[in-house]
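The structure's right below; bear with me while I get my questions together.
The values are calculated or read from the model by the stated rules, or taken from the named source; none is laboratory data. This structure is a prediction, so every number in the text was calculated from the model and none was measured. As a convention, Cβ positions derive from the backbone with ideal geometry for all residues, glycine included, and neighbour counts pool all protein chains shown.
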Amino acid sequence: MIKAVMMMNTQGKPRLAKFYDFLVRCLPVEKQQELIRGVFSVLSSRPENVSNFLEIDSLFGPDSRLVYKHYATLYFVLVFDGSENELAMLDLIQVLVETLDKCFSNVCELDIVFNYSKMHTVLDEIVFGGQVLETRSDEVMKAVEEISKSEAASNSISLVPKSVSGWRGGR
Amino acid sequence: MEQLKTIGRELAMGSQGGFGQSKEFLDLVKSIGEARSKAEEDRIVLSEIDILKRKLLEPDIPKRKMKEYIIRLVYIEMLGHDASFGYIHAVKMTHDDNLLLKRTGYLAVTLFLNEDHDLIILIVNTIQKDLRSDNYLVVCAALNAICRLINEETIPAVLPQVVDLLNHQKEAVRKKAIMALHRFHRKSPSSVSHLISNFRKRLCDNDPGVMGATLCPLFDLITEDVSSYKDLVSSFVSILKQVTERRLPKSYDYHQMPAPFIQIKLLKILALLGCGDKSASEIMSMVLGDLFRKCDSSTNIGNAILYECIRCISCIIPSPKLLEAAADAISKFLKSDSHNLKYMGIDGLGRLIKISPDIAEQHQLAVIDCLEDPDDTLKRKTFELLYKMTKSSNVEVIVDRMTDYMISINDNHYKTEIASRCVELAEQFAPSNQWFIQIMNKVFEHAGDLVNIKVAHNLMRLIAEGFGEDDDDADSKLRLSAVESHLQIMSEPKLPSLFLQVISWVLGEYGTADGKYSASYISGKLCDVADAYSSDETVKGYAVSALMKIYAFEIASGRKVDVLPECQSLIEELLASHSTDLQQRAYELQALLALDARAVESILPLDASCEDIEVDKDLSFLNGYIQQAIESGAQPYISERERSCMLETTDYHSQDHHEVPSHALRFEAYERPKPSSLPTQASTELVPVPEPSYYSEAHQPISTSSVSERESSEIKLRLDGVKQKWGRPSYQSSTSASSTPPQAANGTSSHPDVGVGSSSLKPRSSYESKKPEIDPEKQRLAASLFGGSSTSRSDRKSSSGGHKPAKGTASKPPKENPIPVQPPPDLLDFGEPTATSVTATDPFKELEGLMDSSSQDGGSTDVMGVLYSDAAPVTTTTSVDSLLSELSDSSKGNPGTYQSQTSKGPNSKEALEKDALVRQMGVNPTSQNPTLFKDLLG
């Protein structure tokens, strides 16, 4: 299971942080920030040309691993447990970045900052509830585009959800 | 896309407007980006919070503006500041019909709230509505929110809809519904335990993506219980085979590998299934061999699959050929230049070494290289490998390496781990006692505060007991070497507290034992310890006790004791200590010094730390005193257990409470108000009863009913573990209680909650009975939360209405529920979990299918339980015949005008009709079902 997805820039500013682990999610905001800072301090102390893996039990509990990848000014970080494959997670980061690249054609840090909700849309299509849902970036793109189109359309037409039997029973 | 892109760029350049982002947001991001220090950033964010707080208070905020505020809130919360003042606006936004706003609302809510947040309850309703939306994007958004927001208590409120969505026409929805169900399973396995068969079913989905998604929950399920999935081995193998043979659509390829993530998940599952299972291992060995041949080791993902194969082989019982292939793959990994692959190689080696221990030898050099590598991750992985391959022949080298590394690192967490590993290895493989004590000293010296206190106690015991051989000479040598090494280390500054405790203890017990060191020398050292670490009370306590032992041994052996001046001053200081423990020890020491040799010897015998001390647990020596006290009029002692028993017999309610977690929320309708007691029947007439009772004949004398209640509550207890249907335990137990043989539900009580409430006239029960009447809002909420199961609600009404005894209800027209009455043995079947396929023969099962709104998917729903709780009393009451006739009447009277169910309103009559109708539907659903499903499935 994937416990967290994080993006932060090389100065340690979080750009996106999403936690899937029940325990981490229930932590107060400050504790989550501590986690992000902790991850960053480990990452920033890593030399060049070493592996992309870390064992990070100290922050995320036993059997936690971390895979990161460094692109330009951004760190992409995945935290997960023993039921995932490290190399595959590395490729998952690749999928995410490729998709973002297609989304914003040549993605950069600013795209991520200013298209926050879109970032999450992309991520939600790839990782769902802590599990890998989709790894085909074309499919993800299709879904995201459909959402954008529909969102644009719904700005003019408001959707009226059908009233359904659940309401009737209530009275 | 392009458009979005340009907008992003424009914003970056500082132009205004765009997709909801304003100049202010841009400025915020920019100024935070330029902030030089954390303090400056905080200042900016705090002022932003002020602005947002003000703005959110303004009336009539345009929705577009509101969306932007919420994005800003999300942003500041991501930076670690509290944005809770705006949560409610995000919650409100999820109610919006506009997809963009709704999704923004959901996004914000999922980021803001965790499962236990109070506001979740406000979203559940919206989620329920959205799950039934025609727009599959809305459904997806709701499913996404479910995964992140639904908690154990709200699962039952959305579960039926999620189960329906498993058959949605869009594969994206099916996939997410499976994931949501999986999430429920992780959150609260009992709530979906009856739906597990759905996962198996979805494995055969036409869409490979859905099948792939199903592997996630199956992996978890198989991890929990391997044996019940053994039958799937060949299915998984054939899926894997098809995937590797590129039978999946081309779009699933990733870097020229066919569906690698599905392959990896399958390999993980196969590893679980093949573990220790020869036949399963044989089935999968073929495909594993193929994989080794086919995998492209030039890509990252190809190596990921290779690694997964190695992992799988290390779990199953492999053929020698496979083992060889795995070893080859590992050596390729280790020889690679990539640190990632080396890491995987070391990891694989560590796994394989368990089944073929000699495999490591050919990679010795590679392993040593990894040990010297600057990459910390790799180093640690290698230490893990070394730890796994330690034998008594190599323990010295490995532990030495480990301790050196331990000393060199600062990471306390890992230091702890490696220290405990050193200790473990040393304890297990130590070649000599001296070496062992040396290693322990090293570990304690450098990581003393990090190791478990048990390790220290183990060490002390080990020194005291020796190494088990009956060789006193060796033992005393061991002790002497411990004492010597400790005396040497003691002069080092700043030793960890735990280590000092060990040192003090050893010196106290054995410092003077050999006669090599004089008592005054040792006691001087101990005083130094107490002096140097005067802030550490535990160490001081150990030191004083050690002193006491030294002096005791001296006195016992008849030598003259002269207390050192520094020792004297230490005692005096401690006599006035704030710590009562230290005071006590000091007083004891003082007292001991005044005693004669014989007394001292019996108090502190020499080298007796391992002797058992007999404790009189019954305190029998006090018997005389107690007898005396009782004779002079004292109350006899009642044990705690007896006391609680007494409480229980007086209070049925408390018993009931044990089963119902007090925090549990109720999402089902509150039960009808019931007479709080039979003796106060008059008052029941005052309570408005909007629904007719169906069991006027169920009125029974109080004695019988209370007996039956007792029975049912007992049976409820017994059945607790049998089956968990829907979320809330109390509800489960009610269904299980009522699905017991009829004699349990004898008489009036068909609902245990109610039964208990009316048997004991506690204030709370009357409160309960009033509350639902007072608060229709809640009722409505609860009802709407329960979604499409309007029938279950009216069922509940009827069931609780049913056992309202006596006059208040008896006067109503006896409009009967058309319950298809069945003989009790048949009814018992409904307790069984999940009917996977619906047959036309069993009306109840048809009803099940109906409730799930998809005829193929029949998880047994709570309706069954409720329905049953209705049926049970009917079958047992004396007037079954009359009931039967009435039943058939009413079912004739309402021939399938299903539409009437669509009308709203709290009309009890209508509710009853609806109820009747649905039951009718249960009998012959095929003609009517489509209308219902159209609504639900869109």
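If I ask for residues that are in a helix (DSSP H, G or I), touching a Leu at 6+ places or on another chain (Cβ under 9 Å) and within 9 Å of chain A (Cβ to nearest Cβ), which ones from the range B:242-261 would you list? Quick ask: steps written out before the conclusion?
Residues of the range B:242-261 in a helix (DSSP H, G or I): B:242-244, B:250-252, B:260-261.
So of that shortlist, the ones also touching a Leu at 6+ places or on another chain (Cβ under 9 Å) come out as B:242-244, B:261.
Result: B:F261, single match.
Tell me, please, whether a residue that is touching a strand residue (DSSP E or B) at 6+ places or on another chain (Cβ under 7 Å) and closer than 18 Å to B:C216 by Cβ can be found in the range A:71-79. Can you show your working first?
Taking the range A:71-79 first, the residues touching a strand residue (DSSP E or B) at 6+ places or on another chain (Cβ under 7 Å) are A:73-79.
Those left that are additionally closer than 18 Å to B:C216 by Cβ: A:78-79.
The answer is yes, given that some residue of the range A:71-79 is touching a strand residue (DSSP E or B) at 6+ places or on another chain (Cβ under 7 Å) and closer than 18 Å to B:C216 by Cβ.
Within the range B:413-463, how many residues are within 28 Å of the chain's Cα centre (by Cα), surrounded by fewer than 22 Cβ atoms within 10 Å (Cβ to Cβ) and part of a loop (DSSP other than H, G, I, E, B)?
The number of residues fulfilling the criteria is 2.
For the range B:190-209, which residues satisfy the criterion of being surrounded by fewer than 22 Cβ atoms within 10 Å (Cβ to Cβ) and either of a type in the set (V, I, T) or within 13 Å of chain A (Cβ to nearest Cβ) (or both)?
B:I196, B:D207, B:P208
In addition: Quick check: anything in the range B:201-211 aliphatic (A, V, I, L, M) and in contact with a Ser or Thr (Cβ under 7 Å, 6 or more places away or on another chain)? Break it down into steps so the answer makes sense when it comes.
Initial filter on the range B:201-211 (aliphatic (A, V, I, L, M)): B:203, B:210-211.
With the extra rule that they be in contact with a Ser or Thr (Cβ under 7 Å, 6 or more places away or on another chain), the set shrinks to B:203.
So far as the range B:201-211 goes, yes, one or more of its residues are aliphatic (A, V, I, L, M) and in contact with a Ser or Thr (Cβ under 7 Å, 6 or more places away or on another chain).
So, one more: Take B:L149 and tell me if it is modelled with pLDDT of 90 or more and within 29 Å of B:D207 (Cβ to Cβ).
On the way: modelled with pLDDT of 90 or more: no; within 29 Å of B:D207 (Cβ to Cβ): yes.
Spelling it out, it is not the case that B:L149 is modelled with pLDDT of 90 or more and within 29 Å of B:D207 (Cβ to Cβ).
Quick one: in the range A:19-51, which of the residues that are surrounded by 21 or more Cβ atoms within 10 Å (Cβ to Cβ), touching a helix residue (DSSP H, G or I) at 6+ places or on another chain (Cβ under 7 Å) and outside any helix (DSSP H, G or I) is farthest from the other protein chains (Cβ to nearest Cβ)?
A:F19
Sticking with this one: Of the residues that make up the range A:1-16, is at least one in a loop (DSSP other than H, G, I, E, B), within 24 Å of A:V122 (Cα to Cα) and touching an Asp or Glu at 6+ places or on another chain (Cβ under 6 Å)?
yes
Tell me, which helices (runs of 4 or more DSSP H) lie completely within the range B:542-612 with 3 or more residues that are under 25 Å from B:M460 (Cα atoms)?
On the way: elements: B:565-575, B:580-593, B:597-603.
Result: B:580-593, B:597-603.
Return the residue satisfying two criteria in turn: it lies in the range B:496-529 and is surrounded by fewer than 22 Cβ atoms within 10 Å (Cβ to Cβ) and not in a helix (DSSP H, G or I), and of such residues it is nearest to the chain's Cα centre (by Cα).
Per the stated criteria, the residue is B:P496.
Give, as residue ranges, the helices (runs of 4 or more DSSP H) completely inside the range B:89-163 that count at least 2 residues that are farther than 24 Å from B:H182 by Cβ, within 11 Å of chain A (Cβ to nearest Cβ) and without any contact (Cβ under 8 Å) to a residue 24 or more places away in the chain. Walk me through how you get there before you give the answer.
Values: elements: B:99-112, B:120-131, B:136-149.
It comes to none.
Which of the following residues is modelled with pLDDT of 85 or more, farther than 23 Å from B:R351 by Cβ and of a type in the set (A, V, I, L, M): B:A419, B:A464, B:A430? Outline the logic, then answer.
Numbers: B:A464 fails: modelled with pLDDT of 85 or more; B:A430 fails: modelled with pLDDT of 85 or more.
Checking each option against the conditions leaves just B:A419.
Something else now. Could you run through the range A:79-108 and say how many residues are at the interface with chain B (Cβ under 9 Å from one of its Cβ atoms) and in contact with a Leu (Cβ under 7 Å, 6 or more places away or on another chain)?
Count: 2.
Residues that are over 28 Å from B:M440 (Cα atoms), more than 14 Å from chain A (Cβ to nearest Cβ) and touching a residue at least 12 places away in the same chain (Cβ under 8 Å): which helices (runs of 4 or more DSSP H) entirely in the range B:279-396 hold 1 or more of them? Before the answer, list the steps.
Numbers: elements: B:300-315, B:320-335, B:339-352, B:364-372, B:376-388.
In the range B:279-396, the matching helices (runs of 4 or more DSSP H) lie at B:300-315, B:320-335, B:339-352, B:364-372.
Another one. So which of B:R186, B:R174 ends up being under 28 Å from A:S117 (Cα atoms), within 18 Å of the chain's Cα centre (by Cα) and surrounded by fewer than 24 Cβ atoms within 10 Å (Cβ to Cβ)? Break it down stepwise before answering.
On the way: B:R174 fails: within 18 Å of the chain's Cα centre (by Cα).
The unique qualifying residue is B:R186.
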